[in-house]
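Below: the structure, in structure tokens.
The values are calculated or read from the model by the stated rules, or taken from the named source; none is laboratory data. Remember, it's a predicted structure, so these values are computed and weren't measured experimentally. Here the Cβ is made from the backbone with ideal geometry for all residues, glycine too, and neighbour counts use every protein chain on show. Each accessible area value is taken on the protein alone, full model and side chains, heavy atoms only, with ligands, DNA and RNA left out. Shrake-Rupley method; radii C 1.70, N 1.55, O 1.52, S 1.80 Å.
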Amino acid sequence: MLTTDIVYRILNQILDEAKHDGGAPVSVAVCDQDGSLAGFLKMDGAAVRTGHLARHKAYTAARMQARTADFLARLKREHLDICYFCDPNLTPLPGAAPLVNKDGDIIGSVGISGRPSEQDQ
């Protein structure tokens with residue numbers, strides 16, 4: 001189960017690493033297994049759009065139960081338009097992944113935005 005303590009730990013760990021690696025500021029979102037926002041933090045100086053993107057990336061990873069980079073690859077491989085999924089909150093931009101517990105169950109997701117897609121992922 002994705003608890004508040006786990007959400008805080010994830011947010012703080014990612015932001016702490018981002019503060020000290022010399023890269024651009026980021027926004028981080030954590031969603032529960034259904035895609036509902038469980039936590040969000042935006043670093044000082046992060047662009048406004050990064051908050052919106054981080055939330056949508058995390059939502060997508062939870063709903064599709066896959067990394068957003070893998071979702072993008074699927075769209076390309078199967079020649080799918082994202083509109084076919086009838087969900088305007090989905091994004092194929094790389095930068096999110098499901099959170100998996102020790103039993104292999106997806107308990108939520110985390111999305112990051114603010115750097116090049118490969119770094120966000």
query = Tell me, which residue of the stretch 1-32 that is farther than 19 Å from GLN121 by Cα and either in a loop (DSSP other than H, G, I, E, B) or not aromatic (Phe, Trp, Tyr) (or both) is most open to solvent (accessible area, probe 1.4 Å)?
reply = MET1
ask   = Tell me, which residue of the stretch 62-95 that is touching a residue at least 40 places away in the same chain (Cβ under 8 Å) and out of contact with any Phe, Trp or Tyr (no Cβ under 8 Å at 6 or more places or on another chain) is nearest to ALA38 (Cα to Cα)?
value = ALA62
key: Subset of the stretch 33-52 (residues that are loosely packed, with under 15 Cβ neighbours inside 10 Å and of a type in the set (Lys, Arg))   = ARG49
Residues located in the stretch 17-32, provided they are of a type outside the set (Gly, Ala, Ser) and either over 14 Å from VAL110 (Cβ atoms) or under 12 Å from the mean Cα position of the chain (by Cα) (or both) = LYS19, HIS20, ASP21, PRO25, VAL26, VAL28, VAL30, CYS31, ASP32
task = Could you please let me know if THR50 is outside any loop (DSSP other than H, G, I, E, B) and either under 13 Å from the mean Cα position of the chain (by Cα) or at pLDDT 95 or above (or both)?
result = yes
